[in-house]
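Undergrad: The following block contains the structure, expressed as structure tokens.
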Amino acid sequence: MDDRSSLFAMALGLNRPWFVSEIKLDTAKGRLDLDIDFEKGTKFPCPKCGKMCALHDTTFKEWRHLDFFQYQAYLHARVPRASCPEHGVLQVDVPWAHQGSGFTPLI
């Protein structure tokens, strides 16, 4: 992770296994896009019982975040679904948004 990625990860409050994988700034469109990913091999807690579970699959999601100076900011991530032996396959909670929201809590 480079210094820019580390800075945005700190600003977003990301901790392992999450990290900023790519930063795209389009000055003509006034848009900043941050791609967030997770470390390969990560197990995630079941959102119902908290038991650490294997990854089932991922789905791609986008959230609108606070503007970064004059740029509209968007977060993009592969969101994992955990395979819990008790509760089945469930989407895990991400630290930057509430379940089912298209916006981060700060917007």
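The values are calculated or read from the model by the stated rules, or taken from the named source; none is laboratory data. In this text the structure is predicted, and so the values were computed from the model without any measurement. Positions of Cβ are backbone-derived with ideal geometry, glycine not excepted, and every protein chain shown enters the neighbour counts.
Undergrad: Could you check segment 64-90 and list, in sequence order, the residues that are under 17 Å from residue 18 (Cβ atoms) and modelled with pLDDT of 95 or more?
TA: 73, 74, 75, 76, 77, 78, 79, 80, 81, 82
Undergrad: Specify which of the listed residues (66, 32) is over 22 Å from residue 92 (Cβ atoms), in contact with a Ser or Thr (Cβ under 8 Å, 6 or more places away or on another chain) and among the hydrophobic types (A, V, I, L, M, F, W, C).
TA: Testing whether each residue is over 22 Å from residue 92 (Cβ atoms), in contact with a Ser or Thr (Cβ under 8 Å, 6 or more places away or on another chain) and among the hydrophobic types (A, V, I, L, M, F, W, C) leaves just 66.
Undergrad: I would also like to ask the following. Condition first: of a type in the set (Asp, Glu) and under 19 Å from residue 12 (Cα atoms). Now tell me which residues in segment 28-63 satisfy that.
TA: Within segment 28-63, 33, 35, 37, 39, 62 meet the criteria.
Undergrad: Consider segment 67-81. How many of its residues are more than 15 Å from the chain's Cα centre (by Cα) and among the hydrophobic types (A, V, I, L, M, F, W, C)?
TA: Of the residues in segment 67-81, 2 are more than 15 Å from the chain's Cα centre (by Cα) and among the hydrophobic types (A, V, I, L, M, F, W, C).
Undergrad: Name the single residue that is farthest from residue 104 (Cα to Cα) among those in segment 1-40 being of a type in the set (A, V, I, L, M) and part of a strand (DSSP E or B).
TA: 25
Undergrad: Could you list all residues from segment 1-36 that are touching a helix residue (DSSP H, G or I) at 6+ places or on another chain (Cβ under 7 Å) and of a type in the set (Phe, Trp, Tyr)?
TA: 19
Undergrad: Report, by residue number, each residue of segment 30-40 that is in contact with a Pro (Cβ under 8 Å, 6 or more places away or on another chain) and surrounded by 14 or more Cβ atoms within 10 Å (Cβ to Cβ).
TA: Once the filter is applied, which keeps residues that are in contact with a Pro (Cβ under 8 Å, 6 or more places away or on another chain) and surrounded by 14 or more Cβ atoms within 10 Å (Cβ to Cβ), segment 30-40 yields only 38.
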